[in-house]
1. For Glu133, what residues show an amide H to amide H distance below 5 Å, using hydrogens built from the backbone and excluding near sequence neighbours?
2. Separation between the Lys10 and Leu68 pseudo-spin-labels, each 7 Å from Cα along Cα→Cβ, expressed in nm?
3. In whole Hz, with x marking every Gly and Pro, tabulate ³J(HN,Hα) for the range 81-95 from phi via Karplus 6.51 cos²θ - 1.76 cosθ + 1.60, θ = phi - 60°.
4. Could you tell me the center-to-center distance, by alpha carbons, between the range 1-19 and the range 80-137 in angstrom?
5. Which net charge results for the neighbourhood of Ile11, defined as the other residues with beta-carbon distances under 13 angstrom from its beta-carbon, given Lys and Arg at +1 and Asp and Glu at -1?
6. Lysines near Lys194 by alpha-carbon distance under 29 Å, same-chain residues fewer than 8 away left out - which ones?
7. Can you give the extra length, in nm with one decimal, that the chain gains between Arg113 and Ser155 once fully stretched, where that is 0.36 nm per residue apart less the Cα-Cα distance?
8. Full extension from Ile76 to Trp90: what is 0.36 nm times the residue separation minus their Cα-Cα distance, to one decimal in nm?
Amino acid sequence: MEVMNFRPRKIVLVFWLIGATFTSLSLGGLLAAISFDSSCEFSEFSPWIGFVIGFLPVWFISSLCFTLRFYSIKYILDDRYISKSCGVIWKKKRSIPLEKITNIDVRQGPLERLFGFGQIWIFTPSTGAATPEEKLIGISAPHEMKEVIIQRSESPKGNNISTPTVSSSQSTDLNNNLLEDIKGALLRIEELLKNSNKAA
């Protein structure tokens with residue numbers, strides 16, 4: 001099976017940046033409101049300066065962190081594992097054996113359904129049914145990807161059950177040897193019966 005390398009859709013980064021912008025706007029508005037208060041030590045600043053001080057640094061730092069984190073997320077699916085690597089400063093990579101997967105859920109909110117992506121939650125026996133072992137975010141066509149993962153996860157489980165194969169010639173030889181052993185055992189029993197009758 002081919003190795004699949006994929007990443008979250010970029011619309012996830014857009015949502016993250018929108019969230020960072022709203023958070024920064026809230027902080028900027030808070031500092032602008034504080035600068036209106038004459039009793040506050042920051043009252044000598046104009047509201048616009050307070051807004052800029054609250055908005056720009058937070059927006060820049062959070063947007064940079066979200067962007068770096070987004071581009072660090074990578075998913076790899078091969079015939080044995082599904083792996084996720086992420087992290088900017090501290091790199092983390094987790095590989096889940098496909099044969100250990102017990103359940104896969106697809107989660108989609110209204111916006112995710114609208115834009116055609118979603119989350120895939122992967123469960124294993126070590127985490128139980130409530131907590132996923134891993135979450136794959138921003139997956140395009142998540143239901144189709146779920147089916148691909150299920151097919152690959154079932155393949156190793158089937159391969160673990162190996163049954164010996166015997167050719168027809170080997171089967172004939174085994175049957176002949178078995179019949180010879182039975183014949184020999186019957187002859188020995190017959191001989192023992194004859195000897196016991198003579199002794200009687």
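1. It is Ile122, Phe123, Thr124, by chain and number.
2. If labels sit at Lys10 and Leu68, their model points lie 2.1 nm apart.
3. Working through the residues one at a time gives 9, 10, 10, 10, 10, 7, x, 9, 8, 9, 7, 9, 9, 10, 10 Hz.
4. 13
5. On the way: positive: Arg7, Arg9, Lys10, Arg113; negative: Glu112.
Result for the local shell: +3.
6. Lys183
7. Value of the extension gain: 12.1 nm.
8. Numbers: separation 14, 0.36 × 14 = 5.04 nm, distance 1.91 nm.
That works out to 3.1 nm of additional length.
Every read-out reported here was derived from the displayed coordinates using simple, explicitly stated rules and does not represent laboratory data. Owing to the predicted nature of the structure, the values given are computational and were not obtained by experimental measurement. Methodologically, a virtual Cβ is constructed for each residue, glycine included, from the backbone with ideal geometry; neighbour enumeration extends over all protein chains shown.
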